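Following: one structure in structure tokens, then a few remarks.
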Amino acid sequence: VYWLLPADVAAITRSQGTVISCASAVVGRDKSLQHNERTTRATLLAVEPDYFCVRKLHATEGRVLSEVDERLNARVAVLGESVAEALFGDAGVAVGETLMVDRIPFLVVGRTNRLGADTAGNDLDNVIYLPLTCGMERVFHTRFIDSIVLAADPSARVSMKAAIPELLTHRRRLTRPGPYAVSELGVVVEGQALAAQAFRPVAYALVMFALVAGGVGIVTVMNLSVKERLLEIGLRRAFGARRRDIRAQFILEAAGVALAGGTLGVPLGLVVNALLLRWNSLPPVVPVFECSAGLVVALALGGVAGLVPARRAARVPPVEALRPRA
């Protein structure tokens, strides 16, 4: 009884008069798409033509959806930039091509401008837009919509937050208020940004803890190595090795241990990252700079952590190092 219907969009628009400039129903699901041998996974949005007005989207190639597409229940699609690049390549011409959605052919009629990512890192261009009626009947097989998006006069937003839920409750003849809420996109984005900003110190603290733990581990391992290799150190000193040679040897070994850990950790991190992105139906991303920076930091950490054991090894007297031990 609480589900939204396409007719609710028209009712809201009529009730608010000229306050609302454009409004659209939205139904969204994640689906697999195919064009020839290429496949990708993206968010399918069944929308009305006014959706592009609300989201300030325009066509960089072809056109956006129209009222004619809606009336004819046309099997046409408009692609976001990420979907277009995944299926047709960076410089591919998408308009006029046919792609398959759940084995249903759709004619590509347009390609939208790039939106980028939201504050949570979600790719807003990994989207394909279908006419509302066609998407609901042919793809999603539902008569209910997920949400309603609209653009309104800023001065009326406060009153609309109370008026729209009241209208929807009245239309369903409910005896108490329904579970309807009106959210402002700007407020949502600001909230996400604040949440990300609040989480950043925690992330930095976790990184510092990992670095300190790694450094302590390397120091411990290298101290044990010095203790077990006293005979080797004594022999090298007896054959003319200088203190700085011993020091350099152990610093390089510590750096090598850290680099080996980083070399194993980076691929593991990439695998986990790919699994998380796939789980959330996002395109794979390889952060080249972050991976390179991680290896450099690991190398530097190993060198710094190896300083104390290296100095200890260099200060071992040759006579003491060569003395027999039980």
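Here are a few things to note about the model shown:
Here is a yes/no grid of residues against (1) at pLDDT below 90; (2) farther than 30 Å from PHE199 by Cα; (3) in contact with a Phe, Trp or Tyr (Cβ under 8 Å, 6 or more places away or on another chain):
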| residue | (1), (2), (3) |
| --- | --- |
| VAL27 | no, yes, yes |
| ALA46 | no, yes, yes |
| ALA74 | no, yes, no |
| ALA91 | yes, yes, no |
| VAL101 | no, yes, no |
| PRO105 | no, yes, no |
| ASN122 | yes, no, no |
| ASN126 | no, no, no |
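- Residue match in segment 194-201 (condition: at pLDDT below 80, among the small types (Gly, Ala, Ser), in contact with a Ser or Thr (Cβ under 7 Å, 6 or more places away or on another chain) and more than 30 Å from ALA298 (Cβ to Cβ)): no
- Among the residues of this structure, LEU259 counts as one that is among the hydrophobic types (A, V, I, L, M, F, W, C), surrounded by 14 or more Cβ atoms within 10 Å (Cβ to Cβ) and part of a helix (DSSP H, G or I).
- Among the residues making up segment 285-326, a single one is touching a Phe, Trp or Tyr at 6+ places or on another chain (Cβ under 7 Å) and at pLDDT below 85: ALA313.
- Considered as a group, the residues in segment 1-24 that are in a strand (DSSP E or B) and in contact with a Ser or Thr (Cβ under 8 Å, 6 or more places away or on another chain) include one that is surrounded by the fewest Cβ atoms within 10 Å (Cβ to Cβ), and that residue is LEU4.
- Some residue of segment 27-47 being of a type outside the set (Phe, Trp, Tyr), over 23 Å from GLY96 (Cα atoms), buried (at least 19 other Cβ atoms within 10 Å of the Cβ) and under 22 Å from the mean Cα position of the chain (by Cα): yes
- Filter result (surrounded by 15 or more Cβ atoms within 10 Å (Cβ to Cβ) and more than 15 Å from GLU253 (Cβ to Cβ)) within segment 284-313: CYS291, GLY294, LEU295, VAL297
- Qualifying positions in segment 224-247 - surrounded by 15 or more Cβ atoms within 10 Å (Cβ to Cβ) and assigned to a helix (DSSP H, G or I): SER225, VAL226, LEU230, GLU232, ILE233, GLY234, ARG236, ARG237, ILE246, ARG247
- Residue-level analysis places ARG103 outside the set of residues that are more than 30 Å from ALA274 (Cβ to Cβ), among the charged types (D, E, K, R) and free of Cβ contacts under 8 Å to residues at least 60 places away in the same chain.
- Test for SER183: is it of a type in the set (S, T, N, Q) and modelled with pLDDT of 80 or more: no
- Residue count, segment 58-77 (criterion: buried (at least 22 other Cβ atoms within 10 Å of the Cβ) and either in contact with a helix residue (DSSP H, G or I) (Cβ under 8 Å, 6 or more places away or on another chain) or free of Cβ contacts under 8 Å to residues at least 40 places away in the same chain (or both)): 2
- Segment 48-118 holds helices (runs of 4 or more DSSP H) entirely within its bounds, and those carrying 2 or more residues that are within 27 Å of the chain's Cα centre (by Cα) and of a type in the set (D, E, K, R) map to 81-88.
The values are calculated or read from the model by the stated rules, or taken from the named source; none is laboratory data. Because the structure is a prediction, the values reported are computed rather than measured. Don't worry about glycine lacking a Cβ; one is built from the backbone with ideal geometry, like all the others, and counts go over all protein chains shown.
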